[in-house]
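The values are calculated or read from the model by the stated rules, or taken from the named source; none is laboratory data. The structure presented is a predicted model; accordingly, all values stated were derived computationally and were not measured. No Cβ is skipped: glycine too gets one built from the backbone with ideal geometry, and neighbour counts run over all protein chains shown. Note: areas computed on protein heavy atoms with side chains; ligands, DNA, RNA excluded. Shrake-Rupley method; radii C 1.70, N 1.55, O 1.52, S 1.80 Å.
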Amino acid sequence: MSRQFTLRSGTLHAEITERSAALRVLRDGERDLVVSWPADGPIPYYSGTLLAPWPNRVGGARYTFEGGEYRLPVNEEDRGNALHGLVAEADWKAVEWLSVEDEHGFVRLAHTITPTPGYPFTVALEVRYSLAPGGLTTTLTAENTGDAAAPYGCGPHPWLLAGDDVERYELHVPAGRVLLVDDRLLPRALEDVSGTPYDFTVPRVVGDTAVDHAFTGLIADGSGQATVRLRGPEGGVEVRWDASVLPWVQVCTGTGLGHRGLAVEPMTCPPDAFNSGTDLIVLRPGEKAETSWTISPY
């Protein structure tokens with residue numbers, strides 16, 4: 001079994017694993033803020049994992065980049081796509097850890113993406129989980145340590161919890177546009193949320209609305225932070241991040257999956273960005289990209 005690291009700060013408790021560098025547990029007192037899973041069991045629906053060097057999907061598991069054509073392994077068999085990057089099931093290595101009871105604690109883990117079929121690039125990743133009374137902050141840094149430019153995107157995949165029944169959650173997504181998708185969940189059209197079932201700019205109950213969509217046009221606060229909030233019978237939980245660095249967020253109600261919680265995934269780019277080029281990061285040799293987000297009770 002891979003090593004696990006426990007962080008505590010005030011009423012908050014987090015557990016991070018070397019396996020997938022995943023957030024396995026985040027708890028406020030006795031209340032779970034994210035979906036957890038057994039330390040030695042399977043990770044359900046990417047719960048708490050990191051998505052890199054792309055979040056979401058690469059359509060048909062194929063893309064072109066700077067004149068080259070690449071074919072990735074298909075891991076979403078029913079739709080023929082490459083889903084959620086290359087590191088969600090990888091073994092990471094903890095390189096630094098500090099746990100101080102009721103204060104600030106952190107763990108730092110590293111993993112390098114080496115050339116692999118469909119992604120012949122070298123990208124060194126480092127993630128730092130830092131727990132403070134105000135929440136758990138995750139900072140993911142990518143550095144191109146190879147000799148060729150590399151396409152890159154990232155995001156997390158927490159399933160947030162505010163009770164067992166997602167339909168009863170009150171959801172607030174401060175985003176003006178939604179990316180409509182086809183039956184393979186690939187982009188079809190970007191539309192204003194107004195007049196669609198996906199308008200959560202004013203908090204409202206999810207009800208029977210099935211959501212598995214990317215949102216953009218984020219409405220940030222005065223410090224540039226975008227915040228998605230949900231509240232249910234057991235309380236509230238939020239994710240906040242710099243909207244200029246992570247201009248997209250995937251929201252998934254998990255309808256039909258039989259899985260608890262509601263996924264909120266801040267992303268640097270939308271689905272299929274390796275093909276569309278939309279907000280795709282191009283990491284030149286020696287360049288870095290850093291993203292950060294915080295999960296908190298409220």
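A few remarks follow.
- Against the test of being in a loop (DSSP other than H, G, I, E, B) and open to solvent by less than 10 Å² (accessible area, probe 1.4 Å), the options GLY146, GLY195, GLY163 yield a single qualifying residue, GLY163.
So that you can scan it fast, the table gives a plain yes or no per residue for (1) outside any loop (DSSP other than H, G, I, E, B); (2) under 23 Å from SER99 (Cβ atoms):
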{"site": "THR6", "(1), (2)": "yes, yes"}
{"site": "ALA21", "(1), (2)": "no, yes"}
{"site": "ARG27", "(1), (2)": "yes, yes"}
{"site": "PRO42", "(1), (2)": "no, no"}
{"site": "LEU51", "(1), (2)": "yes, no"}
{"site": "TRP54", "(1), (2)": "no, no"}
{"site": "GLY60", "(1), (2)": "yes, no"}
{"site": "THR64", "(1), (2)": "yes, no"}
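- Applying the condition of being of a type in the set (Val, Ile, Thr) and out of contact with any Pro (no Cβ under 8 Å at 6 or more places or on another chain) to the stretch 251-296 and asking which residue is most open to solvent (accessible area, probe 1.4 Å) yields THR255.
- Hits in the stretch 213-242 - residues which are in a loop (DSSP other than H, G, I, E, B) and either more than 16 Å from LEU171 (Cα to Cα) or touching a strand residue (DSSP E or B) at 6+ places or on another chain (Cβ under 7 Å) (or both): ILE219, ALA220, ASP221, GLY222, SER223, GLY224, GLU234
- Within the stretch 71-82, residues that are closer than 22 Å to PRO115 by Cβ and part of a loop (DSSP other than H, G, I, E, B) sit with their Cβ atoms under 8 Å from residues that are open to solvent by 70 Å² or more (accessible area, probe 1.4 Å) and basic (Lys, Arg), at 6+ positions apart or across chains, in these pairs: LEU72/ARG62.
- Residues (part of a loop (DSSP other than H, G, I, E, B), without any contact (Cβ under 8 Å) to a residue 60 or more places away in the chain and in contact with a Ser or Thr (Cβ under 9 Å, 6 or more places away or on another chain)) located in the stretch 166-188: PRO174
- Consider the stretch 220-250 and keep the residues that are over 27 Å from THR64 (Cα atoms) and of a type in the set (A, V, I, L, M, F, W, C). The one that is surrounded by the most Cβ atoms within 10 Å (Cβ to Cβ) is VAL237.
- Number of the condition not met by PRO44 [criteria: (1) surrounded by fewer than 19 Cβ atoms within 10 Å (Cβ to Cβ); (2) in contact with a helix residue (DSSP H, G or I) (Cβ under 8 Å, 6 or more places away or on another chain)]: (2)
- Residues that are open to solvent by less than 10 Å² (accessible area, probe 1.4 Å) and either of a type in the set (Gly, Ala, Ser) or closer than 15 Å to SER130 by Cα (or both) within the stretch 24-40 comprise VAL25, LEU26, listed in sequence order.
- Residue match in the stretch 8-15 (condition: of a type in the set (D, E, K, R), within 21 Å of PRO297 (Cβ to Cβ) and surrounded by 18 or more Cβ atoms within 10 Å (Cβ to Cβ)): yes
- If you go through the stretch 122-143 and keep only what is open to solvent by 10 Å² or more (accessible area, probe 1.4 Å) and in contact with a Gly (Cβ under 7 Å, 6 or more places away or on another chain), you end up with THR122, PRO133.
- Single residue of the stretch 62-111 satisfying the filter (in contact with a Gly (Cβ under 6 Å, 6 or more places away or on another chain) and either among the hydroxyl-bearing types (Ser, Thr, Tyr) or closer than 18 Å to ILE281 by Cα (or both)) that is surrounded by the fewest Cβ atoms within 10 Å (Cβ to Cβ): SER99
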